[in-house]
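Notes follow once the structure below has been shown.
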Amino acid sequence: NMKRGKKTDDGSADGENDAGSASAKKAKKSKEPEAPVLYEDPPDKMTSKDGRSANMKITSWNVDGLRAWVKKNGLDWVREEAPDVLCLQETKCSEKALPAQITSMPEYPHKYWAASNDKEGYSGVAMLCKTEPLKVTYGIGKEEHDKEGRVITAEFPNFYLVTAYVPNASRGLVRLDYRKTWDVDFRAYLSELDIQKPLVLCGDLNVAHQEIDLKNPKGNKKNAGFTPEEREGFSQLLAAGFVDSFRELYPEQANAYTFWTYMMNARSKNVGWRLDYFLLSSSLLPGLCDNKIRNKAMGSDHCPITLHIAV
């Protein structure tokens, strides 16, 4: 049992456990491995619904450890992508331990870091900007959440940009109750901001919202990232007036994922989850141009996502 729990925890169960045993037997007999269904990101759309050209490019990436990601040449990809703002999650790195390759990056003169207070090498987010924001704040104003280094908010002339690394409910759902508290408090924080100026939220929101957002929904209903409680938390965020930009643009697109466990070749088989999002205040929707899933970019168990928007 332990083994099975481990296997499905990060969404790696690869559909075997929900196939009927008859079809499973048939599959064994024929020895034909299932060809993976991949997602091919379409060409970037640079014009919004209301005919404006994108003037802001934002990239978000859960790097699963910034130091390792820098060693795997993550910054080469960033320079090629060249977003106006780069948001990183799960940096797992205190400010004093940041590699010089990133702290000295001339492309991004304005860099902001939030790390976990108590636990070294845990959580952490960053925001790197080409132009200086009007103001930058850390956390959501609640100590129980803010000590883990999960949120940075930058105010720009026409909008707020919030990047977040949402708490994982964890194996055995040991943090699900904490996550439910977080969801309520974080939603209140965003709604408060939204009254002042529209916002873009990006990051690892640690939930696959609907069945279309992960490869194996049936096997994961009791696992972190796809519990009814977490999915409901996301629905409530949408009900509060925010829009999932990828789903807005590509309502029927299946097999579009941003996370694959390192186990069992999940990434090459495209057995994944869509956990990374750009959510927009509904008033920014007319300027939405595209939400890209850059699933060819390696260096982490997540791939980067990029937003093109006219603001």
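Can you give the % of DSSP beta bridges in the chain that are antiparallel, to the nearest 5? List each step's numbers first, then the result.
On the way: 41 of 52 bridges.
Roughly 80 percent of the DSSP beta bridges within the chain come out antiparallel.
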Completion exercise
Between ALA297 and residues 5 or more places away or on another chain, the pairs with built amide H atoms under 5 Å apart involve none
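Using the alpha carbon gyration tensor of segment 56-309, what are the three equivalent-ellipsoid semi-axes (square root of 5 times each eigenvalue), largest first, in whole Å?
The answer is 24, 21, 19 Å, longest axis first.
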Problem - segment 246-311 versus segment 109-133: alpha-carbon centroid distance in Å - result: 22
Exercise for the section: At 1.4 Å probe size, with every protein chain present, just tell me what the per residue accessible area of the chain comes to in Å². Expected result: 45
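With an 8 Å cut-off on Cα pairs and a minimum separation of 6 or more residues, tell me the relative contact order of segment 146-226 in percent. List each step's numbers first, then the result.
Working: 90 pairs, mean separation 28.0, N = 81.
It rounds to 35 percent for segment 146-226.
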Problem - Degrees, to the nearest 10: 228-239 long Cα axis against longest axis of the chain - result: 40
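Only Cα pairs under 8 Å and at least 6 apart count here; give the relative contact order of segment 27-161 as a rounded whole percent.
Details: 214 pairs, mean separation 24.6, N = 135.
For segment 27-161, the relative contact order is 18 percent.
Explain nothing, just the number: relative contact order of the chain, from Cα pairs under 8 Å at least 6 residues apart, as a whole percent. List each step's numbers first, then the result.
On the way: 663 pairs, mean separation 77.4, N = 311.
The normalised contact order for the chain reaches 25 percent.
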Exercise for the section: Just the number, please: carbon plus sulfur as a percent of the accessible area of the chain, 1.4 Å probe, no ligands or DNA/RNA counted. Expected result: 53
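Charges only on Cβ, +1 for Lys and Arg, -1 for Asp and Glu: so what's the dipole of the chain about the Cα centre, in debye to the nearest 20?
Details: 44 positive and 44 negative charges, 239 e Å.
For the chain, the charge dipole is close to 1140 debye.
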Handout entry: Dipole of segment 139-262, positive end: most advanced residue of GLY139, TYR257, LEU201 [Cβ charges, Cα centre]
Key = TYR257
Problem - J(HN,Hα) series, segment 46-60, from Karplus relation 6.51 cos²θ - 1.76 cosθ + 1.60, nearest Hz, glycine and proline x - result: 10, 10, 8, 3, 8, x, 8, 7, 4, 10, 9, 10, 10, 10, 10
Problem - Karplus (6.51, -1.76, 1.60) ³J(HN,Hα), θ = phi - 60°, over segment 198-205, in Hz, Gly and Pro reported as x - result: x, 9, 10, 10, 9, x, 8, 8
Completion exercise
Phi angles of segment 182-194, converted by Karplus (6.51 cos²θ - 1.76 cosθ + 1.60, θ = phi - 60°) into ³J(HN,Hα) in whole Hz with x for Gly and Pro, give 4, 4, 5, 5, 5, 4, 4, 4, 5, 4, 5, 4, 4
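May I ask which of LYS71/LYS197; LYS92/LYS180; LYS215/LYS292; LYS72/LYS292; LYS72/LYS215; LYS135/LYS296 have a Cα-Cα span longer than 29 Å here?
Values: LYS71/LYS197 38 Å; LYS92/LYS180 23 Å; LYS215/LYS292 19 Å; LYS72/LYS292 22 Å; LYS72/LYS215 27 Å; LYS135/LYS296 34 Å.
Distance filter (> 29 Å) returns LYS71/LYS197; LYS135/LYS296.
The values are calculated or read from the model by the stated rules, or taken from the named source; none is laboratory data. Everything numeric in this text was worked out from a predicted model, so none of it was measured. All Cβ positions, glycine included, derive from the backbone under ideal geometry; neighbour counts span all protein chains shown. Heads up: the accessible areas ignore ligands, DNA and RNA and are worked out on the full protein's heavy atoms, side chains in. Shrake-Rupley method; radii C 1.70, N 1.55, O 1.52, S 1.80 Å.
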